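The values are calculated or read from the model by the stated rules, or taken from the named source; none is laboratory data. Just so you know, these numbers come straight off a predicted model, no measurement behind them. Cβ placement follows ideal geometry from the backbone for every residue including glycine, while neighbour counts extend to all protein chains displayed. The accessibility values were calculated without ligands, DNA or RNA, using every heavy atom of the protein model including side chains. Shrake-Rupley method; radii C 1.70, N 1.55, O 1.52, S 1.80 Å.
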Amino acid sequence: MTTLIDAPPSDADGLLPPRKKQAGGGLGQYILVRFLLIFPTILILVTMVFFLMRITGDPITAAMGGRLPPEQLQERITAAGYDRPLLVQYFEYLGQLATGNFGTTLSDNRKVTEMLTTYGSATLELAINAIIVALLVGIPLGMVAAHRRDHLPDAVLRILAILFYATPVFFAGMLLKLVFSVWLHWLPVAGRAGTRTELSLTALEAPTGIYWLDALRSGNMAAFSDVMSHAVLPALALGLLTAGVFLRLVRTNVIGTLGKDYVEAGRSRGVSEFRLVTKHAYKPALIPIITVMGLQIAVLLGGAVLTETTFEWKGLGFQLANYLTARDFVAVQGIVVLLAVIVAVTNFIVDIIAALIDPRVRY
Amino acid sequence: MIKSTKALHRAIALAGISALALTACTGPSGGGGGTASGGSAGGGAITFGTTDKVVTLDPAGSYDAGSFLVMNQVYPFLMNSKPGSAEVSPDIAESASFTAPTEFTVKLKPNLKFANGHALTASDVKFSYDRVVKIDDPNGPASLLSNLKSVEAKDDTTVVFTLKQANDQVFPSVLGTNTGPVIDEEVFPADKVMSDEDIVAGKPFAGPYTIDSYKKNELVSLKSNPDYNGLLGKPSNDSAVIKYYADSNNLKLDVQGGNIDVAGRSLTATDAADLDKDSKVKVYKGPGGELRYIVFNFDTMPFGAKTPEANPAKALAVRQAMADIVDRQAISDQVYKGTYVPAYSVVPDGLPGATQPMKEMYGDGSGKPSLDKAKKVLSDAGITGPVNVKLQYNPDHYGKSSGDEYAMVKEQLEKSGLFTVDLQSTEWVTYSKARTSDAYPVYQLGWFPDYSDADNYLTPFFIPGNFLKNHYENPTVTDLVQKQLTTPDKTERGKLIGDVQSAVAKDLSTLPLLQGSQLLVAGKDIKGVEKTLDPSFKTRLGVLSK
C-alpha cells in the first residue's frame, strides 16, 4: 500500500513502550529549544537570499543599464552603495533587520513594512481559503476511501489523491482557469474582486484587507458574492494540493483505527460500518492532521507564489515574483524574511501543540 | 478529550459553512471586472486596464510610462499637447516663450488652485523644478533638466527659466515630460521623495482629475477635477479607473469580457491579431515612439577600426549591404502582426521633421530588399566571400518576440549568401554592460522617447560621447544636431532635422528596423479612443467616454 504520509504512531496503537518520566527535560525546555531554533532558520534563509540575489548583478544596472551612459550608471551604483564589499552590505543589512528596519523598495519606492502588511492579508486570505478547500475535500474523501477500502471508490480516490498532490499548482491553476473562466465563463479570470467591489471595499473604514471579511463586516452581500466568485479557482488550485495529502492521511488513519478493539466491539454489537467510520474512527484519525497542517503552511506559501501569479491574486507571492523580476533586493529580502518567520513560527506553534497532545514528542 | 472533540466538530462545521459560502456564491459572473454590483463607482466611469506599473506618484522619483500615465491625469503641466497633436502649447500657462536666448518665461493663468484648496502660484512652479534637480533620485527625471541653470518666480504668476545653452528648442517639450508636473510646495518635502499614500492624502492635484482612491498597482480611481483650467479641458467622463494587470492574457480576456472598457499597454502582437477578429471589441492603432534598431560598433564590426582587417570603406559596405537585404515588412508582418511597422529613419515617422531617407537609399528604393544591390555594394568594396557577422540580441528587455525578430534577421542575411551570422543572446544586466565595453560588434537595442521631439532620437545617439558608445563620430552630423537644437524657426529646424537623418542614413551608425505603434483595444460602446493615439504618446483618459 502506498501512502503519501504515514500517520505517526499514537498511544491508541498500544504498540509503544510505556512512557517514563525523565528528569530535567519536560515541556518548558522543549519549548525553549524549539523557540531558539527559529532564529538560525531565519538567518540561514536571509543569508541565502541576500547572496543569491546579488549573483546576477546590481539593481541599478538592471533598471537603467540601457538608458544611462556607463559613467552615470557607475555614479548611481556608487551612490547607492552597491559597489561596496558584499560582506559589508550583508552585515549592514542584518543590523537594519535587528532594528526592525526593512528599508524601502528599490523599484517602486515604498516602505517594505507597509508593503508586507498590504499584501500579507491577501496571502493570508488565500491560505485560509485553500485550507478550507483542503479540509473539505481531503477529510470526507479520506473517510469514504477508508470506508470503501480495497474497492473501486477507494482505488479511484487514491489515484485522485496522488493526482492532486502531484499536479503542479500553476498547471492546475491554468487548467481550472481555462475550463471555468475561458471556456465556460462561469468564474472570473483573475483578481481578488471586480473593479466596483474593490473600490467599495477600499472605501471602507479600517478594512482588514481580507476581502470576504471586509464584505461581511460592511454587510455588502453583493460584494461578498463577487469576492467569493473570485476566490474559488485560486483556492481550488492551491487547496487541492493539500487535500491530496489529507485524503491519504485520513484514509490511512481511519483504516488503522477501524482495526482497534473498541471498534471491533462496536462492530460485534451490530453498529453499521458507515457509523463506525463517521462516528468513532475518524476522531483519532484527525489528530495527526494538526501536525501535518503545520507542515503544509510552508507548502501553501510556496504554492501561493505560483497561484497568485496565475490568478493575479495580489498578495506576497505575486509581489515576490514581480520584485524578483525587477531584481529588487530590498523587497525580496523583506518578503522572504516574513515568509521565513511565518513558517518558523507556525512550525513552532504546531510543535508545541503536538507536544501538548502527545507528550512523547518532547523527548 | 470531550472538549477537544467538540472544538474539532466546531472547526469542521465552520469550515463547512465557509466552503458552502465559497461554492454557493459562485455562479456565472462574467469575469473579473466591473460586472459585480455593490460598488460605489458611477455607471459612466471608464475603466482602463494596463500592465504598466507605477514606480511612484512623486515626479521627482519616477521616469517611466506607468507613473506618467497617472501623473498626466492628475498633475498640471506648464506645457502640454492637445489630443491629436505632438506640438507643445501652454497648458495651465497663459503664455510661454523665449524672452532672451537663455530665458524661457512662463506666465500662469490667474487663480489656479490645487484640489486641497491651496493656491497654485509661480512659487510652486519654482519649487517643483528645483526639487527634481535637488533630489536627483536614481529613478527620477533630473537628467532631463540638464540644460536648466535656475528657476525664478518673478511674481505670483510669472516664472523665468534660465538655461545654460541658448535657444534650446527642446526645453518647452521637456516641460511636458515626467519632470514637468507642477506640485504643491505646502504638501511635498523639498529634499526627499514622498510616499504615494501621503501624496494621495495631501491632494496636491490640479490636473484634469484628482485621485479618489488609490491602491498601488492594483486600482486607481480618478474623479474629474472641476478646478482644472488648462489645455486639455474638462474630461468627457466623470470618473475613470486604472486597473493594473501583471499578465497581458488577463488584460485581453477582461477587455473581451467587458470587465474593463479599454485595454492599453502591453497587449502582444498575437493578442492584437486575435482581438481584431472579436466583434465585441475594436482595435485602435496609432503612431508609436518606440524604435527598434541594430547598432554597429565601428571598432569591432567586420572591417572595423580595431579589427585586423580594418577598412572603413569595407565596413561601410557591410552596413549598406545589410541595409539592402533586411526585409522590415516581413518582420513586421510575421513576427509582430503589424503592431510594429517598418522604420526607414532614425526618427520615427509622425514626428515633426521626420523623413524616410533609408527607404530610397537602400534596397529596391521602395522599402523592399534588393539582393542585387547588396551584391554590388560588397563587390565594389572588394569583398568576395561571405561576411561573418556576430549578432547579439537581448531576450528579456525588449519583449518576448526579440528572439523571433533576430532569428528572422539572421535568416534574411544568410539566405542572401552574402553573410554568415553568429546569432547569440545575453540576459539584460550583462548585455547592457557588455555592449558599452565593445563586446558586441553588431547588436540589438530599442528606444522609448523621453519627449515627443525628433531631437530625442538624435542627440543621445549621434554626437561624440553618445550613449551608444559605438565609436561613431561625424563632425558634420554633430554640427547639424547642435544646429537643429538651437534653431528657433520651425521650418528651418525641420529642414535641419531632415539633413541629420540623411547624413546618418549614409553613415549607418545604426540600422533602424521597426517603429512601434500604439495599440488600444476598447469595447464597441467606448468613444474617443482614437483621440489619444497621437505622436505625443500620452494616454489621456479625459477623451474617453461611453
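Relative contact order for region A:88-207: what is it in percent, counting Cα pairs under 8 Å that are at least 6 residues apart?
7 percent
First measure r as the distance between the Cβ atoms of B:K527 and A:F51, then evaluate 1/(1 + (r/R0)^6) with R0 = 45 Å and state the FRET efficiency to the nearest 0.05.
0.25
Under the rule of -39500 (n - 2.57) per DSSP H run of 4 or more residues, summed and divided by the residues of chain A, what mean residue ellipticity at 222 nm is obtained, to the nearest 500 deg cm²/dmol?
It comes out at -23000 deg cm²/dmol, rounded to the nearest 500.
Out of B:I242, B:A313, B:N229, whose Cα points farthest toward the positive end of the dipole of region B:215-318 (charges: +1 Lys, Arg; -1 Asp, Glu; placed on Cβ)?
In region B:215-318, that residue is B:N229.
Might you work out the accessible area of B:S85 for me, using a 1.4 Å probe with all protein chains in place, and round it to the nearest 10 Å²?
Rounded to the nearest 10, that gives 30 Å².
Can you list residues whose amide H is under 5 Å from B:V389's amide H, if they're 5+ apart or on another chain and H is modeled 1.01 Å from N?
B:T420, B:V421, B:D422
Just going by the charge dipole of the protein assembly as shown, with Lys and Arg at +1 and Asp and Glu at -1 on Cβ, which of B:A343, A:F311, B:L175 is farthest out on the positive end?
Result: A:F311.
Accessible area, 1.4 Å probe, largest first: how do A:W183, B:W447 sort?
Of A:W183, B:W447, the descending order of accessible area is A:W183, B:W447.
Can you figure out the FRET efficiency of A:F274 with A:L216, using R₀ = 25 Å and their beta-carbon distance, to the nearest 0.05?
It comes out at approximately 0.10.
Taking a cut-off of 30 Å between Cα atoms, list the lysines near B:K306, but don't count ones fewer than 8 places away on the same chain.
B:K314, B:K373, B:K375, B:K376, B:K390, B:K410, B:K415, B:K433, B:K469, B:K506
Per-residue mean of other chain beta-carbon atoms within 10 angstrom of the beta-carbon, peptide B:82-91?
Mean inter-chain Cβ contacts per residue within 10 Å come to 0.
Hey, got the dipole for chain B? About the Cα centre, +1 on K and R Cβ, -1 on D and E Cβ, debye to the nearest 20?
Value, rounded to 20: 1120 debye.
With N denoting the number of residues in chain A, provide Rg(C-alpha) divided by 2.2 N^0.38 Å, to two decimal places.
Rounded to two decimals, the normalised Rg is 1.19.
Got a number for the accessible area of A:H280? Probe 1.4 Å, square angstrom, nearest 10.
In the full protein context, A:H280 sits at about 70 Å².
Just how large is the dipole of region A:124-278 about the Cα centre, in debye to the nearest 20, putting +1 at every Lys and Arg Cβ and -1 at every Asp and Glu Cβ?
460 debye
Filter B:K53/B:K538; B:K192/B:K243; A:K111/B:K192; B:K192/B:K483; B:K285/B:K495 down to the pairs with a C-alpha to C-alpha distance above 25 Å, please.
Result: B:K192/B:K243; B:K192/B:K483; B:K285/B:K495 exceed 25 Å.
Taking H as built 1.01 Å from N, whose amide H comes closer than 5 Å to the amide H of B:T51, not counting residues under 5 places away?
B:Y245, B:R265, B:S266
Within 10 Å of each Cβ in peptide B:188-197, how many partner chain Cβ atoms are there on average? Round it to a whole number, please.
The per-residue average across the peptide is 2.
Could you work out, residue by residue across A:102-109, how many beta carbons of other chains sit within 10 Å of that residue's beta carbon, and then give the average as an integer?
Mean number of neighbouring Cβ atoms from other chains: 5.
Roughly how far apart, in whole Å, are the Cα centres of region B:122-179 and region B:460-494?
Value for the Cα centre distance between the two parts: 23 Å.
Pull up all non-local amide H partners of B:D212: gap of 5 or more, or a different chain, and H-to-H distance under 5 Å with H placed in the peptide plane.
B:S221, B:L222, B:K223
Just to check I understand the Karplus step: with θ = phi - 60° and J = 6.51 cos²θ - 1.76 cosθ + 1.60, what whole-Hz values come out for region B:360-373, glycine and proline as x?
Computed from phi, the couplings for region B:360-373 are 7, 5, 10, x, 8, x, 10, x, 8, x, 9, 5, 4, 5 Hz.
Among the lysines, which fall within straight-line cross-link reach of B:K107, defined as a Cα-Cα distance under 20 Å, with same-chain neighbours fewer than 8 residues apart omitted?
List returned: B:K82, B:K126, B:K149, B:K154.
Give me the accessible area of A:S229, 1.4 Å probe, in Å² rounded to the nearest 10.
10 Å²
In whole Hz and in residue order, list the ³J(HN,Hα) couplings for region B:289-298 that follow from phi through the Karplus curve 6.51 cos²θ - 1.76 cosθ + 1.60, θ = phi - 60°; x for Gly and Pro.
x, 6, 10, 10, 8, 9, 9, 9, 8, 5
Roughly how many debye, to the nearest 20, is the charge dipole of the protein assembly as shown about its Cα centre, given +1 on each Lys and Arg Cβ, -1 on each Asp and Glu Cβ, and no other charges?
My answer is approximately 3080 debye.
Can you work out ³J(HN,Hα) from phi for every residue in region A:279-286, in order, using Karplus 6.51 cos²θ - 1.76 cosθ + 1.60 and θ = phi - 60°, giving whole Hz and x for Gly and Pro?
9, 10, 7, 6, 4, x, 6, 7
Reachable aspartates and glutamates from B:K527, Cα under 17 Å, same-chain residues fewer than 8 places away excluded?
Once the sequence-local aspartates and glutamates are set aside, what remains near B:K527 is B:D238, B:D261.
Hey, what did region B:383-513 get for relative contact order, percent, Cα under 8 Å, at least 6 apart?
RCO, region B:383-513: 20 percent.
Farthest toward the dipole's positive end in region A:102-250, which of A:W183, A:V250, A:G239, given Cβ charges of +1 (Lys, Arg) and -1 (Asp, Glu) about the Cα centre?
A:V250
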